Amino acid sequence: MNLADHPTVRAVRARQRQASAAVIDAEWLRELCLAAGADDVAFASVDNPDLASEREHVETALPGTKTYISLVVRMNRDNVRSVARSVANQEFHRSGEVINEAAHRITRALEDAGHRALNPSATFPMEMDRYPGRIWVVAHKPVAVAAGLGVMGIHRNVIHPKFGNFILLATILVDKPVSSYGAPLDYSPCLECKLCVAACPVGAIKKDGEFDFVACSVHNYREFMGGFTDWAQTVADSTDAEDFRSRVSDSENASMWQSLSFKANYKAAYCLAVCPAGEEVIEPYLEDRKGFVKLVLKPLQEKEETLYVLPDSAAKEYAERRYPHKPTKVVDSGIRGRR
Ligand code: B12
Ligand code: SF4
C-alpha cells in the first residue's frame with residue numbers, strides 16, 4: 001500500500017495542523033506545573049554555564065533539550081522527623097510518587113502541545129548499568145539552584161526559602177526555550193546552625209560543608225545497592241543457616257525483606273529531619289532553640305539502632321565515639337575495590 005493511502009496518514013493529513021509554540025510561555029508553563037501537583041517550579045536554560053556538567057547527559061537522554069523544568073514537592077515535616085523510620089520512609093516514597101506523577105502529567109501536556117519532553121525519575125530507578133558511577137540521568141539539585149528554587153545548605157540538600165529542606169526535586173527536559181528563566185537566590189536559607197552535623201550518626205556532614213558520601217551511603221543506604229550486595233555476599237560466605245543467622249540478625253533480615261518487597265528504606269536522613277531553615281519551618285526554632293533541639297534532635301540521637309560503617313573508617317571512629325549506645329557493625333561497601 002502507498003503510505004499516503006494508509007488510514008493513519010489520511011487522518012493526520014485531513015486534520016488542521018497547529019504549529020507548536022517556538023517559545024513556551026513561562027506563565028502558562030508555571031500554571032500547568034502547579035495544577036499538576038508541584039508546590040513550586042522554575043526554569044533554567046540548557047545553556048546556563050552553571051549546568052555545564054549536565055549538558056552531555058541530558059543531550060543523550062533527550063537530544064535537542066533546550067530547557068530544564070525544575071519541580072519542587074513538599075514533604076510533611078513531622079513525618080520526616082519521626083524516630084519511627086517507617087513513617088519517614090513512607091513520606092519519602094509517597095512524595096517521590098507525587099513528584100513523579102506531577103512530572104508525568106506535565107510531560108504529557110507538553111507532548112499534547114506539540115513539544116518533545118522527558119521526565120527522568122525523581123529518585124529511583126536509576127541507570128544501574130553505570131553503577132558505581134553516575135547512575136542519575138540529571139542532577140536535580142544544581143538545576144533547582146540555577147533556577148532559583150533554593151540553595152544547598154551545609155548538608156548539601158537544597159533548602160527552599162519557604163519550605164526549607166522538606167522537599168523532593170524533579171527535572172523535566174523539554175526541546176523548546178521558555179520565555180523567562182529563573183536566577184539563583186541572592187542569599188542562602190541555611191542558618192549554619194550545624195544541627196545537621198550533630199544529627200548525622202556516622203559523621204558524614206562536616207562543619208565546613210564537606211560531605212562524606214561513602215559514609216552516608218554505607219549506613220543510610222544499607223538496604224540499597226552496595227548494602228544489598230554485601231548482604232548477598234554474607235549469604236554466599238556463610239557455611240550453613242546457623243552461621244548465616246549468627247552473622248545477620250532476624251531484624252536485619254526482616255528489614256531487608258521489607259526493603260525488597262515494598263521500597264528500599266533509608267536508615268537515617270536525620271540531616272533533613274533536624275534542619276530548621278525556611279520561612280515556614282523556622283518558627284519553633286526561633287521561639288525556643290533548646291526546646292527545638294530537645295524535641296527534634298535529641299530523640300534521633302538517643303535512638304538505639306545499628307550504625308553501618310566501613311572498617312578503619314572515619315565514620316567508624318566517629319560513630320563509636322559520639323554514639324556509644326548505638327552498636328556499630330563493620331560491613332563491606334558492596335563495591336569492588338572499596339571495602
Ligand atoms: C547521588 C545521590 C545521593 C548520594 C550522594 C549525595 C550527594 N550529596 O550527591 C547519597 C547516596 C549519599 C545520597 C543521600 C541522600 N539523598 Co540523594 N541523591 C542523589 C542523586 C541521585 C544525585 C545527587 C547529585 O546531584 N550529585 C552530584 C552533585 C550535584 O552533588 P553534590 O552534593 O554537589 O556533590 C557531591 C556528590 O557529587 C558526591 N560524589 C562525588 N563523586 C561521587 C560519585 C558517586 C558514585 C556518588 C554516589 C556521589 C559522588 O560528593 C560530592 C561532594 O559532597 C539525587 C537525585 C538526582 N537525580 O538528582 C538525590 C537527591 C540529591 N537526594 C536527595 C535526598 C533527599 C537524599 C537523602 C536525604 C536520602 C534519604 N532519604 O536519606 C540523603 C541525604 C544525604 C546528604 N546530606 O546529601 C534529594 C535531595 C532533595 C533536596 N532537598 O535537595 C535528591 C535531589 C532526590 C530528589 N528527587 O529529591 N544521595
Ligand atoms: S541544619 Fe542548620 S546548618 Fe544544616 S543545612 Fe539546615 S540550617 Fe544549614
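The values are calculated or read from the model by the stated rules, or taken from the named source; none is laboratory data. These numbers come from a predicted model, not from an experiment. Every residue, glycine among them, receives a Cβ derived from its backbone with ideal geometry; neighbour counts consider all protein chains shown.
Looking only at segment 58-88, which residues are assigned to a helix (DSSP H, G or I) and closer than 23 Å to HIS104 by Cβ? So that I can check it myself, show each step before the final result.
If we filter segment 58-88 for residues that are assigned to a helix (DSSP H, G or I), which is where we start, we get 58-61, 77-81, 85-88.
Scanning segment 58-88 gives VAL58, GLU59, THR60, ALA61.
Residue by residue, here is whether (1) out of contact with any helix residue (DSSP H, G or I) (no Cβ under 7 Å at 6 or more places or on another chain); (2) among the charged types (D, E, K, R); (3) closer than 30 Å to LYS162 by Cβ; (4) modelled with pLDDT under 95 holds:
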{"site": "PRO276", "(1), (2), (3), (4)": "no, no, yes, no"}
{"site": "GLU280", "(1), (2), (3), (4)": "yes, yes, yes, no"}
{"site": "LYS290", "(1), (2), (3), (4)": "yes, yes, yes, no"}
{"site": "LYS303", "(1), (2), (3), (4)": "yes, yes, yes, no"}
{"site": "LEU307", "(1), (2), (3), (4)": "no, no, no, no"}
{"site": "LYS316", "(1), (2), (3), (4)": "yes, yes, no, no"}
{"site": "ALA319", "(1), (2), (3), (4)": "yes, no, no, no"}
{"site": "ARG339", "(1), (2), (3), (4)": "yes, yes, no, yes"}
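Beta carbons closer than 6 Å, at least 6 apart along the sequence or on distinct chains, pair a first residue in segment 33-59 that is of a type in the set (S, T, N, Q) with a second that is not in a helix (DSSP H, G or I) for SER45/TYR181. Does segment 42-50 contain any residue that is exposed (fewer than 10 other Cβ atoms within 10 Å of the Cβ) and over 18 Å from LEU110 (Cβ atoms)? Yes, segment 42-50 contains a residue that is exposed (fewer than 10 other Cβ atoms within 10 Å of the Cβ) and over 18 Å from LEU110 (Cβ atoms). Among the residues of segment 10-27, is any of a type in the set (A, V, I, L, M), within 15 Å of ASP112 (Cβ to Cβ) and crowded, with 19+ Cβ neighbours inside 10 Å? Within segment 10-27, one or more residues are of a type in the set (A, V, I, L, M), within 15 Å of ASP112 (Cβ to Cβ) and crowded, with 19+ Cβ neighbours inside 10 Å. Among all residues of segment 169-192, there is at least one that is under 30 Å from ARG108 (Cβ atoms), among the hydroxyl-bearing types (Ser, Thr, Tyr), within 13 Å of ligand 1 (Cβ to nearest atom) and at pLDDT 95 or above. Is segment 325-335 home to any residue that is free of Cβ contacts under 8 Å to residues at least 12 places away in the same chain and over 22 Å from the mean Cα position of the chain (by Cα)? The answer is no, given that none of the residues of segment 325-335 is free of Cβ contacts under 8 Å to residues at least 12 places away in the same chain and over 22 Å from the mean Cα position of the chain (by Cα). Scanning segment 108-130 for residues that are in contact (Cβ under 8 Å) with a residue 12 or more places away in the chain, in a loop (DSSP other than H, G, I, E, B) and either within 16 Å of ligand 2 (Cβ to nearest atom) or under 17 Å from the mean Cα position of the chain (by Cα) (or both) returns ASN119, PRO120, SER121, ALA122, THR123, PHE124.
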